[in-house]
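Student: Structure below; questions to follow.
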Amino acid sequence: MTKLYSLAFFALLLAGVAYGLIEWLHSNDQVRKNVDTELLPDFIAESLKSNTFNNKGNISHTIDAQRMEHYSDIDVTHFEFPSLTLYPENKEVPWQISSKEGTLFKNNRVSLKNRVKLETTDPESLIKEIHGKSIDLDLNTNIISSEQAIVILGNGFTTYGSGLIVDINTKQMTLENVQTIYKKIEK
């Protein structure tokens, strides 16, 4: 009788281990499938060129990028090597901003990272270029900001600082912790 109980107990134990192993393998496959589908973009565009207009029909901004991936579940668009042209509301000369990568969020905010360069297309502008590691941009208000270190190159000067806020529409700029180096211009 003890052999029969031992054999039955062993068979029950073996069945329980087999059931547990099958359930564990199946649950890992399900988690892997969920993770894989969440990370896949809904669509991808190569050599993207996009123009956006405001309510008055005037061009607001353009976006060019080598690659764009849109994730509708989280409402985020990721860009590789984006270049944006920002047009002020008063129809003055546009500014261009570029970087190695960027992310557009659902509230029309863009976060640009890695070698960000903001430059004016106005040859008469005092400021020519602004460089930084990370810069945020609000496409609704044309306000650019960064808490990172910033380098500003202008006519005869170079300025270093942080806490940058630039309003493209009004051409007002604030910068904290400023150090400026002036270059002697010989005529």
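The values are calculated or read from the model by the stated rules, or taken from the named source; none is laboratory data. None of the values given here were measured: they were computed from a predicted structure. Note: ideal-geometry Cβ built from the backbone for every residue, glycine included; neighbour counts use all protein chains shown. These accessible areas exclude ligands, DNA and RNA; they are computed on the full protein's heavy atoms, side chains included. Shrake-Rupley method; radii C 1.70, N 1.55, O 1.52, S 1.80 Å.
Student: Quick one: in region 65-92, of everything that is closer than 16 Å to V166 by Cα and surrounded by 15 or more Cβ atoms within 10 Å (Cβ to Cβ), which residue is modelled with the lowest pLDDT? Spell out how you get there, then give the answer.
Tutor: Looking only at region 65-92, we keep the residues that are closer than 16 Å to V166 by Cα, and these are 84-90, 92.
Imposing the further condition that a residue be surrounded by 15 or more Cβ atoms within 10 Å (Cβ to Cβ) reduces the set to 84-88.
On the way: L84: 91, T85: 90, L86: 89, Y87: 88, P88: 84.
My answer is P88.
Student: Output yes when any residue across region 172-183 is under 19 Å from S50 (Cα atoms) and either touching a residue at least 40 places away in the same chain (Cβ under 8 Å) or loosely packed, with under 14 Cβ neighbours inside 10 Å (or both), and no when none is. Steps first, please.
Tutor: Our first condition is that a residue be under 19 Å from S50 (Cα atoms); within region 172-183, this holds for none.
Within region 172-183, none of the residues are under 19 Å from S50 (Cα atoms) and either touching a residue at least 40 places away in the same chain (Cβ under 8 Å) or loosely packed, with under 14 Cβ neighbours inside 10 Å (or both).
Student: Find all pairs meeting these conditions: Cβ atoms under 8 angstrom apart; at least six residues apart or on different chains; first residue within region 123-137 and over 12 Å from S98 (Cα atoms); second residue β-branched (V, I, T) and in a strand (DSSP E or B).
Tutor: Listed by first residue and then by second, the contacts come to I127/T120; I127/I152; K128/T120.
Student: Failed condition for V166, given (1) open to solvent by 30 Å² or more (accessible area, probe 1.4 Å); (2) touching a residue at least 24 places away in the same chain (Cβ under 8 Å); (3) closer than 24 Å to K183 by Cβ; (4) not small (G, A, S), with all others met?
Tutor: Single failed check for V166: (1).
Student: Criterion first (assigned to a helix (DSSP H, G or I) and either acidic (D, E) or at pLDDT 80 or above (or both)) does D36 satisfy it? It would help to see each step written out before you state the result.
Tutor: Numbers: assigned to a helix (DSSP H, G or I): yes; either acidic (D, E) or at pLDDT 80 or above (or both): yes.
Yes.
Student: In region 92-151, which residue that is of a type in the set (K, R) and within 15 Å of the chain's Cα centre (by Cα) is nearest to D64 (Cα to Cα)?
Tutor: Step one: of region 92-151, the residues of a type in the set (K, R) are 100, 106, 109, 113, 115, 117, 128, 133.
From what is left, the residues that are within 15 Å of the chain's Cα centre (by Cα) are 100, 106, 109, 113, 115, 117, 133.
Values: K100: 12, K106: 18, R109: 16, K113: 16, R115: 16, K117: 14, K133: 20 Å.
Applying the filter and picking the extreme gives K100.
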